[in-house]
Amino acid sequence: DPATDTWASYGTLGTARYAHAMTSFADGTILLAGGLDAYGAPTATAEATTGTGYFPRASMPGPAAGLTLDPLSAEWAIAAGGYRFVGGALRTTADAPVYFKAADQWYARTMPGGSRGWHASLATSTGVTFFGGERNDGAYSVLSSVVRYNSGVDTFSTLTSLPVARTKAGAAHLA
């Protein structure tokens, strides 16, 4: 709590997880999705909190860890990329489901340009931009590609690539 400069527990998650993603909505609801469960397997489960414990939400269409989760508006968010098991091996995915909080519903979407995980993302008032990351579809590569999701028209577009490929990087708004 910034007002009191103290930390507080919101309770215990229903699914133990790490390498998950989370975002917050304008009303203060925090949504967590995906990640690796206690056994190291990617999960599709989602949970939310308003500060008084966690409660289950609809699961994503597919499991993912190392994904991003960004707000699109007061009621919408997008989860993008990540890793899942395919044929017994961890592989990146191009899944980018959109979540509608009021209906507790995920809607399947697919990013163009192939799969990615451990990428950076940056939300703006008109959508989300996804930067770099890594691809592992049997062959590993670090990405320089940039993809934009325009939430107003529900479309993806490919933008100019980064000058240097990068993974596990961050992105920030500059003043």
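What the table below lists for this structure:
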read-out	value
Test: residue in the range 22-34 that is more than 24 Å from residue 133 (Cβ to Cβ) and among the β-branched types (Val, Ile, Thr)	yes
Options 83, 54; residue that is farther than 25 Å from residue 11 by Cβ and either surrounded by fewer than 23 Cβ atoms within 10 Å (Cβ to Cβ) or over 10 Å from the mean Cα position of the chain (by Cα) (or both)	83
Wholly enclosed strands (runs of 3 or more DSSP E) of the range 1-78 bearing at least 3 residues closer than 24 Å to residue 169 by Cα and modelled with pLDDT of 95 or more	21-24, 30-33, 68-71
Residue ID - most open to solvent (accessible area, probe 1.4 Å), chosen from residues in the range 1-51 that are among the β-branched types (Val, Ile, Thr) and touching a residue at least 24 places away in the same chain (Cβ under 8 Å)	12
Test: residue in the range 119-142 that is under 11 Å from the mean Cα position of the chain (by Cα), of a type outside the set (A, V, I, L, M) and open to solvent by 10 Å² or more (accessible area, probe 1.4 Å)	yes
Total residues in the range 22-45, condition farther than 23 Å from residue 88 by Cα and in contact with a Leu (Cβ under 8 Å, 6 or more places away or on another chain)	6
Filter result (at pLDDT 95 or above and part of a loop (DSSP other than H, G, I, E, B)) within the range 127-147	132, 133, 143, 144, 145
Count - residues of the range 144-163 that are farther than 21 Å from residue 98 by Cα, open to solvent by 70 Å² or more (accessible area, probe 1.4 Å) and in contact with a strand residue (DSSP E or B) (Cβ under 9 Å, 6 or more places away or on another chain)	1
Selection count, the range 90-109, where residues are part of a strand (DSSP E or B), free of Cβ contacts under 8 Å to residues at least 24 places away in the same chain and closer than 24 Å to residue 143 by Cα	0
Test set (1) surrounded by fewer than 20 Cβ atoms within 10 Å (Cβ to Cβ); (2) on the phi < 0 side of the Ramachandran plot; (3) not polar (S, T, N, Q) - residue 114 fails condition number	(2)
The one condition in (1) over 30 Å from residue 8 (Cβ atoms); (2) crowded, with 21+ Cβ neighbours inside 10 Å; (3) among the aliphatic types (A, V, I, L, M) that residue 77 fails to fulfil	(1)
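The values are calculated or read from the model by the stated rules, or taken from the named source; none is laboratory data. It should be emphasised that the depicted structure is a prediction, and the values quoted were computed from it without experimental measurement. Cβ atoms come from the backbone with ideal geometry, glycine included; neighbour counts cover every protein chain shown. Heavy atoms of the whole protein, side chains included, go into the accessibility calculation; ligands, DNA and RNA do not. Shrake-Rupley method; radii C 1.70, N 1.55, O 1.52, S 1.80 Å.
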